[in-house]
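Visitor: This is the structure I have questions about; it appears just below.
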Amino acid sequence: MPMQYVNWIAGIFQGDFGTSLYYNEDVGHLIAERMPITIYLGFMAFIVSGILGISFGVICALRRGTWIDTVVTFLANIGITMPAFWLGIILIYLIALKAGLLPVHGYTSPFEEFWLSIRQAIMPVICLSLFSIASLTRLTRSSMLEVVKQDYIRTAWAKGLRERMIILRHTIKNALIPVITVMGLQIAFIFGGAVLIETVFNIPGIGRLMTSSILEQDFQVVQAGTLIIATVVVLANLIVDISYGWLDPRIRYE
C-alpha cells in the first residue's frame, strides 16, 4: 500500500491520476468532464452568498433593533441549522413537483441553452449558498456594529460627511476584513456540500462522481477528487490572504 501511494503521487506530477476501477477510464478525463459543472454551481453559490449575506448583514446593522433586523436575524439562525440536502428534497417536492416552476433535476450547459441552465441551477445554488448566506449575515452584522463604534466613524459624522459616504468608504471596507476571511473558508463548505447536492439533484458533477465512486470503492477517483477539491480550497484561501492588502492599507506583505 505505501508503494502504491508513492507511485500515485509520482503519477500526479506527470498528469496521470490513474485508471478508474469502476468506470475503467482515465481518472483525469473523468474529472475534467465533471469539474467545470461543479465549479459553475460553486461559483454561482459563492457569488450569491457573498452578495446576499453581506447586504443582509449591512441592512441589519444599520437598522438595528427594527423589525427588519429581527426578521433577517431569525431567518439567518434557521438557515445555519438547516441541512442542505433536506432543503433540496423540500424544494424538489414543493417547487418542482407541486408547483412545476423549475426542473426537478439535471444539468444543461449555459452555452447550449442558457435559460434552461439557469432554471436547473436555481435550486442547487440555493441549497449550496444557504449556510453561507446565513453565516455571512450574522458575521457582517456583528462586524458592522463593532466598526460603527470606532472613533474614526464618529469623526466622519462630526465632519458632516454624508451617510452613504461614511458607510461605503469607512464602515463597510473595514468591516469586511473578517467577512472576507470567512468567505474564503465558505468555499470548502460549498464544494464539500456539492457532494450531497449533486446527488440529490442528479447533477453530473465531481460531487456525484465521488459519491458513486465511494459506493463502488473506486479509491482512485476518490483520491483524485479529494486532491482537486483541496487544491481549489487552498488557492481560494491564498487569494483571500492577498486581498487583505487592498482592504486594509495597514497590512503589508514583503
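Visitor: Neighbour counts of other C-beta atoms within 10 Å: give me LEU128, LEU196 arranged from fewest to most.
Guide: Least to most surrounded, the residues fall as LEU196, LEU128.
Visitor: Find the relative contact order for the chain and round it to a whole percent, using C-alpha pairs within less than 8 Å whose residues are 6+ positions apart.
Guide: RCO, the chain: 26 percent.
Visitor: Further question: Can you pull the Rg over Rh of the chain, Cα-only, Kirkwood?
Guide: 1.06
Visitor: What ranking do 45-57, 226-238 get when scored by the average of other Cβ atoms within 10 Å per residue, highest first? Intermediate results must be reported in sequence, preceding the final value.
Guide: On the way: 45-57: 20.8, 226-238: 14.8.
In descending order of packing, they fall as 45-57, 226-238.
Visitor: Mind giving me the nanometre distance, one decimal, between the label points for GLU163 and THR231, set 7 Å out from Cα along Cα→Cβ?
Guide: 4.9 nm
Visitor: In nm, to one decimal, how far is the TYR22 label point from the ARG119 one, both placed 7 Å along Cα→Cβ?
Guide: 3.1 nm
Quick note: the coordinates plus some simple rules give every number you see, no bench work behind them. None of the values given here were measured: they were computed from a predicted structure. Quick reminder, even Gly has a Cβ in these numbers, built from the backbone with ideal geometry, and neighbours come from all protein chains shown.
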